[in-house]
Each structure stands twice: as structure tokens, then as C-alpha cells.
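None of the figures in this text is laboratory data; all of them are computed from the coordinates on show. Note that the coordinates shown come from a computational prediction; the quantities given were computed from them, not determined experimentally. With ideal geometry, Cβ positions are generated from the backbone for all residues, glycine too; neighbour counts draw on all protein chains shown.
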Amino acid sequence: MRLAALFSGGKDSTYAVQVAEARGWEVTHLLSIRPADPDSMLFHVPNLHVTPLQAEAMDLPLLEERADAGEEAELEALRRAFRRPRVDGILVGAIASDYQHSRVNRVAHELGLRVFAPLWRLDPAHLVRDYLRARLRIVFSSVSADGFDASWLGRLWDEAAVEDLLRLGATRGVHPCGEGGEFETLVLDAPRFRKAIEVTRARPDWRGTAGVWRVEEARLVEKPQRRP
């Protein structure tokens, strides 16, 4: 089964690739959409300029499309992206967003492609720790919900962050995996990466009740040797 992964550089699309390959599916391409709308409901927005480094680290070709603002323009960008690789289906990291999942499925169906969503409807309370067990190095690249503040920008996804997310889920209704748009993430390293990403310059951009950790410079570096 040859698949192209809809890829944002965040935890879910990266983990979906890892899960898919563990199941024996062949991921041949990464597809990245860069939306003009900074508040796009369909696509991840922060730090998409880092995806070429991630693709290089994963040794996979990256196919990029730009999407004008508006739902129809974004769906048309999906169509263009899905037509480019010769694959059997599209791999997505969707967990619970019916808005995104239904639209991706609709476009794929139009083009005769199947959609594979290995994380769909998994328990988010388990998933938040699955990322840790899978050895993903994740940072928060944006936050925009009650209970978050500027200290979350650039914060590492670790056990303490997981506990805080679960607490915010219980007290503020935050989806622990950010499926309500509460936050976005960026993956800096994973078992699938041949090299790690080092952010050499970034700045937090906090505006009232929301913010973005803007990566200004990043590079690939050799991974440290793991202890046996």
C-alpha cells in the first residue's frame, strides 16, 4: 500500500507516518499545504517553513501547495496536492476533527483515493503519552485557549506538559491533543528522522490571549548517540 502523508510537521502527522510504517504501509511522499488564511480551520499554520527540513530528515520527497483564503480555495489546494503523487491513498493524522476529516475524505473520494487515519478516535488521554513512548521530541508552536499563557510557547512536550494538558482538559475543556484548535505543535526529532532539527533562533509572539512560537532559524544536526 503506497501512501502520501498529509503533513504539517506537527505531532499527529509525524506520528501517523511512524504508525503507518510500523503496520507495513509504504509512505512515499509528504504533502504540505500552506494556507493564506492564518486562521484556517482546515490546515495547520505555524512554522510550515520548517517542513522541508523535516522531510529531509525523513528522507522523503515533500510536495507543497499554497492555498488561497476560503474553504473552496483550500479544498482546491488539497485536490492539486492529492493529484501529484502516484499512490493508493492518503495518510492523515486526524484524531477527532469531523470538519477536517470529512473534507479530506470528500476530496480523496473524488479522486479515487482511500484515506488512512490510524489515530482516528483513539483515546486522547492515551495518545498524549503515546507520543512520549514513541520518542517524539515535540514543542508547542502556538496556543490559543483559556488556561494557556506565553510560557507554553516553545515548551517541550514532556510528562509535566502531559499532566498539565490533562488537568486543562478536566478543568477548562481543552482537548488534550489540541483537536479543538487549542494548540499546535512542531516535531524536532523522531525515530523516523535521520537527523534532528535544532532551532537556533525563535521568538515568542504573544498577543493578549494567544501566541505563536515563531521559528526564525533552524538546521539539521547529527543525533546524539543513545545509551544502550
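At-a-glance table
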| item | result |
| --- | --- |
| Size of electric dipole in the range 1-90: Cβ of Lys, Arg +1 and of Asp, Glu -1, about Cα centre, debye, nearest 20 | 320 debye |
| Difference of contour (0.36 nm per residue) and Cα-Cα distance, residue 49 to residue 132 | 27.4 nm |
| Dipole in debye (nearest 20) - the chain, about Cα centre, beta carbon charges: Lys, Arg +1; Asp, Glu -1 | 820 debye |
| Point-charge dipole on Cβ atoms (K/R +1, D/E -1) for the range 124-221, about Cα centre, debye to 20 | 420 debye |
| Percentage, to the nearest whole number, of Cα pairs in the range 39-165 over 22 Å apart | 48 percent |
| Residues residue 156 and residue 219, FRET efficiency given R0 of 22 Å [Cβ-Cβ distance, rounded to 0.05] | 0.75 |
| Residues 90, 138 arranged by fewest to most Cβ contacts within 10 Å | 138, 90 |
| Potential extension, residue 209-residue 111 segment - 0.36 nm per residue separation minus Cα distance | 31.3 nm |
| Anisotropy class of the range 124-221 from Cα gyration tensor, a/c 1.5 cut | oblate |
| Extent along principal axes [Cα atoms of the range 1-95; Å; largest to smallest] | 36, 25, 24 |
| Share of Cα-Cα pairs in the chain lying beyond 26 Å, as whole percent | 33 percent |
| Per-peptide average of other Cβ atoms within 10 Å, ordering 34-46, 122-134 highest first | 34-46, 122-134 |
